[in-house]
Protein chains: 2
Amino acid sequence: MSKKPSIPKGTRDFNAEEVAKRSYIMETIKEQFQLYGFQPIETPSFENSETLMGKYGDEGDRLIFKILNSGEYFEKNLEKIIGFKATEVSSEITQFFIEFLERIRFKFNKDSTFEEISDFINEDIHNYIITDGKGRIYKYRHYLRKYIINQRDSIAVRIKKRDGFFDNDGAFEHFKQIELVEICGYASSFIFEYLVKNISSQRISSEISEKALRYDLTVPFARYVVQHQNEIEFPFKRYQIQPVWRADRPQKGRFREFYQCDADVVGSKSLFQEVEFVQLYDAVFTALDLKGVTIKINNRKILSGIAEVIGAQDKLIDFTVALDKLDKIGEEKVKDEMRSKGISEAGIAKLQPLFSLEGDFGNQVESLKSILGASEIGKTGIDELEFINSAISNLKLKTAKLQLDVTLARGLNYYTGAIFEVSAPEGVKMGSIGGGGRYDDLTSIFGKPDTSGVGISFGLDRIYLVLEELNLFPETITDATKVLFINFGDQEALACLEAVTQLRQHGIKAELYPDSAKMKKQMTYANRRNIPYVVLVGEEELQSKLFTLKTMETGAQEKLKLPDLLQALR
Amino acid sequence: MSKKPSIPKGTRDFNAEEVAKRSYIMETIKEQFQLYGFQPIETPSFENSETLMGKYGDEGDRLIFKILNSGEYFEKNLEKIIGFKATEVSSEITQFFIEFLERIRFKFNKDSTFEEISDFINEDIHNYIITDGKGRIYKYRHYLRKYIINQRDSIAVRIKKRDGFFDNDGAFEHFKQIELVEICGYASSFIFEYLVKNISSQRISSEISEKALRYDLTVPFARYVVQHQNEIEFPFKRYQIQPVWRADRPQKGRFREFYQCDADVVGSKSLFQEVEFVQLYDAVFTALDLKGVTIKINNRKILSGIAEVIGAQDKLIDFTVALDKLDKIGEEKVKDEMRSKGISEAGIAKLQPLFSLEGDFGNQVESLKSILGASEIGKTGIDELEFINSAISNLKLKTAKLQLDVTLARGLNYYTGAIFEVSAPEGVKMGSIGGGGRYDDLTSIFGKPDTSGVGISFGLDRIYLVLEELNLFPETITDATKVLFINFGDQEALACLEAVTQLRQHGIKAELYPDSAKMKKQMTYANRRNIPYVVLVGEEELQSKLFTLKTMETGAQEKLKLPDLLQALR
């Protein structure tokens, strides 16, 4: 292999600096997760396909990476892949042709016209439905009918050519024998055509793949909760920081392998959890020194309430999609879009206060109340919001702010209560850096109903980009080597290695240059690796048991005994 | 989905305790890696298939998890999967039949016998080789010939039935037209049969899969080094702790997803690196408090030297496989096996000192010298061993011991110098818990020759089992919650949450029970989660701004002000 090696699109290699920076973010998040009482779990990178498929909609199913079964997956599944047993169908078709020949045997004579014969075949086949004895007609049988009808003219040519079937058993048997050779051809031809026309990667996937890479952490978590429900104490507070994989088209900031950092609680409906998640967001971003993030909050019940009030319960998604564009396209165009989706003028009029929501959380809630007065579910949504906001006002956030955003509708099909989304500080162009919400029925897909949950997620890659842009990574996070011992030869190197061993035992990151290469080469190595100190032990130092410590930045040198060297590098 | 959810065989869920224990091992290893100057890298979970395939032998290729391409991978690749273009072959076959009919047209008359016709077809087809104009015969054409010869009797029946071909253009054209219908059948039938008989999962895999899950960390590392060679300073010391996947048959202690922890240096042949790796093993196991591990060392050059001396250079593997069994089957049976592999009596006699290697490292080396006297490569191997052993004697190990093991031959096809393997302390039944060695040509597979490397690996899962068995996990490693605040109602809970927030800001892991459930339920929760303290704030405490702290183990309670509570829980 001589071409330059590469990695799959949408994936990344991380060098030491990147690993250290990513690890800094993850460790910071992890520390706060633990302070808040969340316990770590880890799940396998791949799950059984049935665990994942059908949980993320059709688009999601398409984006799940499937793992090929090992061994002779194709040979063993050929019949399933074709969709039927080739041998059985072949004999069924043969049987069908024999019966067909019997049916038309006495129908024609030498005066029959070509058209008569052709029309008869057409009708006979149309009437002749091959069922499985229980009245079921399989898809391939429909296909066979279509096939014969298409062939009816050439069949008619043959029958006509033979003057119909004369009333002579020997001749008929002979004809049948010949036709049967063709029938084998028809059957195979049919099977092959059917295979080619009906082949579908989607269907084949399920035959040749039983496992798939994790698409998010939420579904595996739900599976975990149900599978281990007897070992878990509820309410169960778990965090999970692991990679997920999506066969999405890669683009800037969107990768096919990326980490998710999730914290969830299942088993309680208490709103104190929403309160704590707002605090947790604040705590993490404060710990990352990322000031001024906005935690946007909304409630699915408020959106349902509004839809109810304006008589558009069945248009909840259209309505929220339009509302979500308010910032971008302005009030009038949002109204136009709502009209185009069939929301009434009267309904839109009732929404007016929404377009001018202003002031603080409290004021906005008052405006919402004026819209939602009549809606029971809307009122519940407002109560929930007020509870959370009042608790947070009381507890105070350190650096983030909590903001009501009625246009927030992420994961609408999924969330049932609070909805969260976190924006980077103003001035940083970046999508949301976190999000979450409450879901009331996640584990029921795996057979455990009535288990409410609420959770949030941190977008590692985007947080990384924000910290990079704002220059917020601490300078000390790369675990780089502190001192390099220059190698002047085996004897000197061995003495160095004794010192290196000592330094390491005292927690100082130290290296010996492995070869007694030219001094310049070794110094260049120290420079390029940003190693701040080098130690030189030549013949003289070896004699005097001293170590020459050189500070790379200043060039300053001093001769030290080992204990002093240790002290100097601490 | 009502059946109990599960995970794929060979994979594992990890609960909080397991995550903490695994993380403890990985962090300990990571800390030592960094002290020794290794830098972390991470590579993607999946690589391009061509990066991995062919690097681990046939067995390895089989055990690599392949990822199905997304989209219509099957429809798009149908021709590649079948092995030829169905339409082209179909028309080639039709053309072949037309020419065949032309050739036999005037050969027969009504007096021709069935046997004459059949024999002619047989000969005609045998003589008729379909080449592509360059004289090449494709595999499917051979198959077609075989197919027609099998069908020759039924073709002969038909020709006989028509009195040969009478010399009448209209009738011949008519016949051809009819036969062509059949020919379509033949062609399809042929294609289908060919497909079924020639389908091979292995071949299909390469058409429908372009990516595969990482099988180890070494090959991705080699790929990384070559791909990023211009960004890297050599010698490059990297560590990597990531999961790998193998489609191996799962069994006790063998999983389909498991972590590898590797440290390697590439770009230097210095033996100081081998010395440092021995120290590194010692440092890690000392840090894990796992005393008494044995670091076994051998050298590929010694094995080559022995094979040379006994005249069995070509039987190096047979020879080492036999020698490796010395512990299990004893000297005589090892000699028997060597004899059965064709090693001469004279050669075996020369090995005698090997069977009684005794004493310390130095004594064993002396015995080896007596065997290897004449071998240049063997002598080099001994020099290397002695260098490493003498340096280690000088530097001293803390808790491990270094031991020569001439039977050690792991990765023989791969290693070129030192070979390492680490055994758990005596008394613990466990295979090797680490291993490694020097390889001189790893990156050449990706186009960068002459880059020597040496590295070691830690077996996370086995180390876990050993620490568990010896009860060596520190008690404090699970990051469990320290205090639970009992929830007596919204007002009390809110006051609790203020205190919880304070505690968390001081680094104390604290939780509020989210619901005002029955006292007993909340206490049971604290108990089952092993939370050592609970705090009770009822109406009275709310009034007096005191917190009742209860120590779960003793049941002792005391009322404290917030600052004192904070102090007590620190």
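The values are calculated or read from the model by the stated rules, or taken from the named source; none is laboratory data. Note that the structure is a prediction, hence the values are computed from the model and not measured. Cβ placement follows ideal geometry from the backbone for every residue including glycine, while neighbour counts extend to all protein chains displayed. Surface accessibility is based on the protein's heavy atoms, side chains included, excluding ligands, DNA and RNA. Shrake-Rupley method; radii C 1.70, N 1.55, O 1.52, S 1.80 Å.
Using 10 Å bins from zero, what percent of all Cα-Cα pairs in the range B:210-368 falls into each bin?
The distribution over the range B:210-368 is 8, 23, 27, 29, 11, 1, given as percents.
Taking a temperature of 25 °C and a viscosity of 0.890 mPa s, what whole-number D in µm²/s does Stokes-Einstein yield for the range A:386-465 with Rh from Kirkwood over alpha carbon pairs? All intermediate terms of the calculation are to be shown ahead of the outcome.
Numbers: Rh = 14.5 Å.
So the translational diffusion coefficient is about 169 µm²/s.
Only residues of the range A:518-543 count here: report those whose backbone N is under 16 Å from the spot 7 Å along Cα→Cβ of A:Thr476, or say none.
Under cut-off, by backbone N: A:532.
How much accessible area per residue does the range A:1-77 have, counting only protein heavy atoms and a probe of 1.4 Å, in square angstrom? Kindly include the intermediate steps, with their values, before the conclusion.
Values: 3050 Å² over 77 residues.
Each residue of the range A:1-77 exposes 40 Å² on average to a 1.4 Å probe.
What are the trypsin sites (Lys or Arg not before Pro) within the range A:204-277 that DSSP puts in a loop, where the Cβ has at most 16 other Cβ atoms within 10 Å? Display every interim value, and only then the final one.
Working: sites: A:Lys211, A:Arg214, A:Arg223, A:Lys237, A:Arg238, A:Arg246, A:Lys252, A:Arg254, A:Arg256, A:Lys269; in loops: A:Arg214, A:Arg246, A:Lys252, A:Arg256, A:Lys269.
Sparse-neighbourhood loop trypsin sites (Lys or Arg not before Pro): A:Lys252, A:Lys269.
Can you work out the base-10 log of I(q)/I(0) for the range B:2-84 at q = 0.22 1/Å, using the Debye formula on its C-alpha atoms alone?
Scattering profile of the range B:2-84, log10 relative to I(0): -1.17.
Do any trypsin sites (Lys or Arg not before Pro) in the range B:391-499 lie in a loop, going by DSSP, with at most 12 other beta-carbon atoms within 10 Å of their beta carbon, and if so which?
On the way: sites: B:Lys396, B:Lys398, B:Lys401, B:Arg410, B:Lys429, B:Arg438, B:Arg462, B:Lys482; in loops: B:Lys396, B:Lys398, B:Arg410, B:Lys429, B:Lys482.
When the trypsin sites (Lys or Arg not before Pro) of the range B:391-499 are filtered for loop state and at most 12 Cβ neighbours within 10 Å, B:Lys396, B:Lys429 remain.
Taking B:Asp440 in one copy and the same position in all the others, each labelled 7 Å out along Cα→Cβ, what are the pairwise distances from the first, in nm, shortest first?
Nearest first, the other copies' label points are 7.2 nm away.
The range A:364-423: D in µm²/s via Stokes-Einstein (Kirkwood Rh, Cα pairs, 37 °C, 0.692 mPa s)? Write down the numbers at each step before the final one.
Working: Rh = 12.9 Å.
The Stokes-Einstein estimate is 255 µm²/s.
Which entries in B:Lys21/B:Lys252; A:Lys398/B:Lys21; B:Lys237/B:Lys509 show an alpha-carbon gap greater than 27 Å?
From the list (B:Lys21/B:Lys252; A:Lys398/B:Lys21; B:Lys237/B:Lys509), the Cα-Cα distance tops 27 Å for A:Lys398/B:Lys21; B:Lys237/B:Lys509.
What is the mean number of Cβ atoms from other protein chains located within 10 Å of the Cβ atom of each residue in peptide A:6-18, rounded to a whole number?
Details: counts 6, 11, 11, 2, 1, 7, 3, 10, 6, 9, 9, 2, 3.
Partner Cβ neighbours, averaged per residue: 6.
Shielding by partners for B:63-76, please: the mean number of other protein chain Cβ atoms within 10 Å of each residue's Cβ. Can you show the working numbers first?
Values: counts 1, 2, 8, 7, 11, 13, 6, 11, 4, 4, 4, 9, 5, 1.
Counting other chains' Cβ atoms within 10 Å and averaging over B:63-76 gives 6.
Which FRET efficiency, nearest 0.05, do B:Glu75 and A:His506 yield, Cβ-Cβ r, R0 60 Å? Could you put the intermediate results ahead of the total?
Details: r = 64 Å, r/R0 = 1.07.
Computed FRET efficiency for B:Glu75 and A:His506: 0.40.
Return, for the Cα atoms of the range A:240-332, the radius of gyration and Dmax in Å, separated by a comma.
Computed over the Cα atoms of the range A:240-332, radius of gyration and Dmax are 17.9, 46 Å.
Averaged over its residues, how many other protein chain Cβ atoms are within 10 Å of peptide A:227-237's Cβ atoms?
Working: counts 5, 3, 1, 0, 1, 2, 6, 1, 6, 1, 5.
Per residue, the average neighbour count from other chains is 3.
Please give the total accessible area that chains B and A bury against each other, computed with a 1.4 Å probe and expressed in Å² to the nearest 100. Mind showing how you got there, number by number?
Values: alone 30750 and 30660 Å², together 50490 Å².
Using a 1.4 Å probe, the pair buries roughly 10900 Å².
Kindly provide the Kirkwood hydrodynamic radius of the range A:196-235 in Å, to one decimal, from all pairs of distinct alpha carbon atoms. Let's see the in-between values first.
Values: mean 1/r = 0.0767 Å⁻¹.
Taking every pair of different Cα atoms in the range A:196-235, averaging 1/r and inverting gives 13.0 Å.
Please identify every one of the trypsin sites (Lys or Arg not before Pro) in the range A:339-382 that sits in a loop by DSSP and has no more than 15 other beta carbons within 10 Å of its own beta carbon. Intermediate results must be reported in sequence, preceding the final value.
Working: sites: A:Arg339, A:Lys341, A:Lys350, A:Lys369, A:Lys379; in loops: A:Lys341.
Answer in residue order: A:Lys341.
What does the copy distance list look like for B:Glu475, label position 7 Å along Cα→Cβ, in nm and ordered from shortest?
4.3
For each pair in A:Lys518/B:Lys379; A:Lys291/A:Lys429; A:Lys55/B:Lys3; A:Lys401/A:Lys429; B:Lys482/B:Lys561, compute the distance between the two Cα atoms and list the pairs where it is over 23 Å.
On the way: A:Lys518/B:Lys379 29 Å; A:Lys291/A:Lys429 15 Å; A:Lys55/B:Lys3 16 Å; A:Lys401/A:Lys429 18 Å; B:Lys482/B:Lys561 18 Å.
The pairs that break the limit, which is 23 Å between Cα atoms, are A:Lys518/B:Lys379.
What spacing in nm lies between the two simple spin-label points modelled at A:Glu17 and B:Lys561, each 7 Å away from Cα in the Cβ direction?
It is 5.1 nm.
Along the three principal axes, how long is the range A:195-269 when you take its alpha carbons, biggest first, rounded to the nearest angstrom?
Cα spread of the range A:195-269 along its principal axes, largest to smallest: 53, 35, 19 Å.
No solvent, one uniform scatterer per C-alpha: report log10 I(q)/I(0) for the range B:300-382 via the Debye equation at q = 0.19 1/Å, two decimals.
Evaluating at q = 0.19 Å⁻¹ gives log10 I(q)/I(0) of -0.79.
Can you pull the accessible area of B:Asp314 for me, 1.4 Å probe, Å² to the nearest 10?
Estimated to the nearest 10 Å², B:Asp314 gives 120 Å².
With only alpha-carbon pairs counted, each pair once and no self-pairs, how large is the Kirkwood hydrodynamic radius of the range B:495-546 in angstroms? Intermediate values should be presented prior to the final figure.
Details: mean 1/r = 0.0831 Å⁻¹.
In the range B:495-546 this quantity evaluates to 12.0 Å.
Report the relative contact order of the range B:201-314, percent, no decimals, based on alpha-carbon pairs under 8 angstrom and at least 6 residues apart. Could you put the intermediate results ahead of the total?
On the way: 77 pairs, mean separation 21.2, N = 114.
Computed over the range B:201-314, the figure is 19 percent.
Mind listing the label-point distances from A:Gly427 to the same position on all other copies, shortest first, one decimal in nm, points 7 Å along Cα→Cβ?
Here the equivalent label points are 6.4 nm apart from this one.
Treat the range B:339-387 as a sphere of radius equal to its Kirkwood radius over Cα pairs and apply Stokes-Einstein at 37 °C in a medium of 0.692 mPa s; give the translational diffusion coefficient in µm²/s, rounded to a whole number.
Numbers: Rh = 11.7 Å.
The estimated diffusion coefficient comes to 280 µm²/s.
If I take the Cα coordinates of the range B:456-563 and project them onto the principal axes, what are the three extents in Å, biggest first?
Computed over the range B:456-563, the largest-to-smallest principal extents equal 62, 28, 24 Å.
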